[in-house]
Structures are given as structure tokens and as C-alpha cells.
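The values are calculated or read from the model by the stated rules, or taken from the named source; none is laboratory data. The structure presented is a predicted model; accordingly, all values stated were derived computationally and were not measured. All Cβ positions, glycine included, derive from the backbone under ideal geometry; neighbour counts span all protein chains shown. Note: areas computed on protein heavy atoms with side chains; ligands, DNA, RNA excluded. Shrake-Rupley method; radii C 1.70, N 1.55, O 1.52, S 1.80 Å.
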Amino acid sequence: AQIWERIERAEKEGVVLTARVLEIVRGGLTVDVGVRGFLPGSLVDVRQVNPADWVGKDVECKVIKVNRRRQNVVVSRRAVLEEIEKNQKRRLLDGLKVGDLVRGTVKNILDYGAFVDLGGVDGLLHISDMAWKRLEHPKALFQPNQEIEIMVLGVDVEKERISLGYKQKTRDPWVDVETRYPKGARAKGKVISVKDFGAIIGFEDGNEGLAHISDMSW
């Protein structure tokens with residue numbers, strides 16, 4: 001009776017118990033938590049694993065369902081891992097400040113930007129914050145699994161959202177553009193793209209200018 005009271009209290013209070021994995025059964029594993037319990041295969045880990053690897057081992061788990069009358073106990077190891085992961089994310093988010101330079105690994109690259117793994121939590125590096133010059137696609141600058149240094153632009157702890165910037169690590173080429181490119185001065189550039197109305201000219205420092213078709217030739 002005391003064992004069942006302990007298990008029921010563990011379910012109610014979310015207490016972590018240690019269970020010994022006994023054997024593989026259909027749909028998961030049987031475990032010993034003082035009484036015989038069931039650990040569903042989908043609740044063994046946060047990612048797909050081989051249940052056979054856990055037979056004979058002790059695992060930390062939470063009781064998610066108990067029925068004393070039917071002698072039924074269901075436990076989850078995944079619930080413990082998710083709580084640990086959540087706490088790690090919260091600590092990481094709490095430690096980030098706007099303006100911090102951090103290192104991360106590029107995970108997914110999409111048309112509008114890239115998601116960067118900062119060591120347990122992902123941040124979004126939007127295409128508009130990648131470079132001062134115009135980018136056709138993020139893949140022009142980054143590749144999956146690439147390790148980069150980026151700047152923290154914003155942190156929303158509650159929504160677990162992090163905004164990142166790459167171009168912000170360097171000087172904005174438009175800050176003193178009028179001084180570096182005074183009216184009437186000559187400058188060398190490279191044609192980036194040609195449009196019906198003219199050509200986009202790129203300069204080494206990241207600035208871009210428009211050579212309108214009406215100003216190309218007399």
C-alpha cells in the first residue's frame with residue numbers, strides 16, 4: 001500500500017522516480033518502480049532510439065498515469081528530458097543580452113533567413129540582417145552546419161524567440177556615405193544586376209548605387 005501511495009503522490013507532484021528497465025514488450029518496455037510499470041516506446045527519449053538498448057538499465061522517469069485498482073502504472077522518461085531541456089533553454093535565454101556576440105551553428109536555411117543553434121536553443125538570423133548589401137538568398141553567404149559568430153538583436157524569454165544579426169558586427173556602410181561618395185566624385189564599382197530601368201552597381205565597402213538608363217549614355 002505504501003508503494004502505491006508513493007507512486008500516486010509522484011504522479012500528482014511530478015516527482016522523478018528511478019525505474020529499472022526489465023524487458024521489451026509490445027509498444028515499449030516494462031519497468032520496475034516498486035511495482036511493475038509500462039514505459040511506452042514513444043516516451044523513452046525525445047528522439048527515436050532502440051528500446052533494446054535500455055534493458056537492464058536504470059532510468060529516471062515521471063509517472064504520467066496510475067490506476068491502483070487495475071495495477072496499472074505508465075511512466076515517461078521523455079518528460080524528464082523535456083523538463084531538463086526546458087530549464088537549459090531558460091538559463092540560456094536569461095543569460096543572453098542584446099548586443100552580445102555569441103557562436104552558433106547554422107541548422108536550417110530558408111528563403112527568408114537561417115535558424116542558428118546557440119547550444120540548445122535556436123535563433124533566427126533574418127536575411128535582412130545578414131549583410132549590408134542585397135542578398136538574393138541566404139545560401140549565398142551561409143551553409144548548413146557552418147559555425148558562425150553572430151550578434152543578439154532581441155530576446156523574448158516567454159516565447160523563446162531570439163533575433164540574430166550578422167551584418168551588425170561590421171560598420172554600417174551607409175552611415176557616412178555622403179562623405180565617402182560626394183556628389184561629382186568618381187568611384188569604381190561592379191555591375192551586380194541589370195534591370196529595364198538601369199543597372200545596380202556594387203562597391204567594395206558594401207554600398208550599392210543605381211545607374212539609371214537615362215544616365216548611361218548621351
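In table form, for the structure just shown:
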read-out: Matching residues, the range 120-131, being part of a loop (DSSP other than H, G, I, E, B) and either of a type in the set (A, V, I, L, M, F, W, C) or over 15 Å from the mean Cα position of the chain (by Cα) (or both); value: 121, 130, 131
read-out: In the range 1-30, the residues that are more than 26 Å from residue 49 (Cα to Cα) and open to solvent by 10 Å² or more (accessible area, probe 1.4 Å); value: 1, 2, 3, 4, 5, 6, 8, 9, 12, 13
read-out: Criterion violated by residue 28 - all others in (1) of a type outside the set (Val, Ile, Thr); (2) under 30 Å from residue 169 (Cα atoms); (3) touching a helix residue (DSSP H, G or I) at 6+ places or on another chain (Cβ under 8 Å) satisfied; value: (2)
